[in-house]
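In what follows, a single structure is set out as structure tokens and then discussed.
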Amino acid sequence: EFIKEVTGIKVLEKQLKDKLNLDYAVVVPGDSDNLDWVKSEMGKACVNYLKDQLIPRQTIGITGGTTMAAVAEMMTPFQDADKCLYVPARGGLGERVENQANTICAEMAKKAKGNYRLLYVPDPLSEDSYKTIIEEPSIKEVLEIIRKAGIIIHGVGDAVMMAERRKTSAEQLRLIKSREAVGEAFGYYFNQKGEIVHKVRTVGLQLEDLKHAEHVIAVAGGRSKAQAIASYFKPGQSNVLITDEGAAKELIRGI
Ligand code: BG6
């Protein structure tokens, strides 16, 4: 029975790798929609992957979210990669404090015995504030560090759920719905075809910056997120996916 399960998981990983054009895929057993510990297992899988990839003094950009919080929870010091620097990929994105990239970033650095820099910028930003803020020397310095991050780790969310969680204005929520957004990552909203249909204006990592990172790791699971994950991967911005069986099976069925 156990062997059968392991083989099943391996097959799912291979199928995902091929379908989403990934360098690496991890599927943990279970569905995080129903069981919280499955999210922790994704966190653990992410930390294991990092163990093999991280080098000393590397910069790691991370986003917020409950899945990223699970990654932080599982973080341990890396023997072969000390003095790494953890930075939030973007501003606050309107999340509760425990789900914000800044909070998770500090937590990760603490557990990994690394360093961190934070980004104190509200969002969304008006066009005028945006222009002024990016010229602020202290912000500029952190932004440059973020743009050069070699590893990015991020969550992917269901579009409407994320918009609501961020207390998006009624007007923007209508827009997100009318443009049929299904997925969200880094404050970008994607429709089923993978087109960007909305974007939260804020400082930090922009989608085009992902090209410069060596590893872009998406950590997202749960059957309910399958469509969101598929939409985000259509343009293919990340090369690693850490997910669960719930999302993986649905993704394979749907794509
Ligand atoms: C947010 C990220 O903080 O977390 C989003 O900025 C992501 O890009 C979201 O979609 C995912 O959240 P969760 O709680 O489902 O892991």
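Derivation of every value follows stated rules applied to the coordinates shown; laboratory data play no part. Note that the structure is predicted; figures quoted are calculated from it, not measured. Cβ: placed from backbone, ideal geometry, glycine included. Neighbour counts: every protein chain shown.
Neighbours of residue 75, meaning other residues whose beta-carbon lies under 11 angstrom from its beta-carbon, give a summed charge of +3 when Lys and Arg score +1 and Asp and Glu score -1.
Taking a ≥ b ≥ c as the square roots of the Cα gyration tensor eigenvalues, the chain comes out oblate, since a/c reaches at least 1.5 and a/b does not exceed b/c. Scalar couplings 3J(HN,Hα) for region 111-120, obtained by applying the Karplus form with A = 6.51, B = -1.76, C = 1.60 to θ = phi - 60°, are 5, 8, 6, x, 10, 8, 10, 10, 10, 9 Hz; x denotes Gly and Pro.
Under 18 Å of direct C-alpha separation, and excluding same-chain neighbours fewer than eight residues apart, residue 14 reaches these aspartates and glutamates: 5, 23, 244, 245, 250. Report the percentage of all Cα-Cα pairs in region 159-205 whose separation exceeds 12 Å, rounded to a whole percent. Tail fraction, whole percent: 55. Shape class for region 7-55: oblate, because the ratio a/c of the largest to smallest gyration tensor axis (alpha-carbon atoms, square roots of eigenvalues) is 1.5 or more and b/c is at least a/b. Show me, for region 141-147, the HN-Hα J-couplings you get by feeding each phi into the Karplus relation (A = 6.51, B = -1.76, C = 1.60, θ = phi - 60°), rounded to Hz, glycine and proline as x. Using θ = phi - 60°, the values come out as 4, 5, 4, 5, 4, 4, 4 Hz. Measuring between their Cα centroids, region 180-239 and region 19-38 lie 16 Å from each other.
One compactness figure for region 70-146 is 1.21, namely its Cα radius of gyration divided by 2.2 N^0.38 Å.
Using a simple spin-label model with pseudo-atoms 7 Å out from Cα toward Cβ, residue 177 and residue 195 lie 2.1 nm apart.
How fast does region 11-106 diffuse by Stokes-Einstein, in µm²/s, taking the Kirkwood radius from C-alpha pairs at 37 °C and 0.692 mPa s? Rounded, D is 225 µm²/s.
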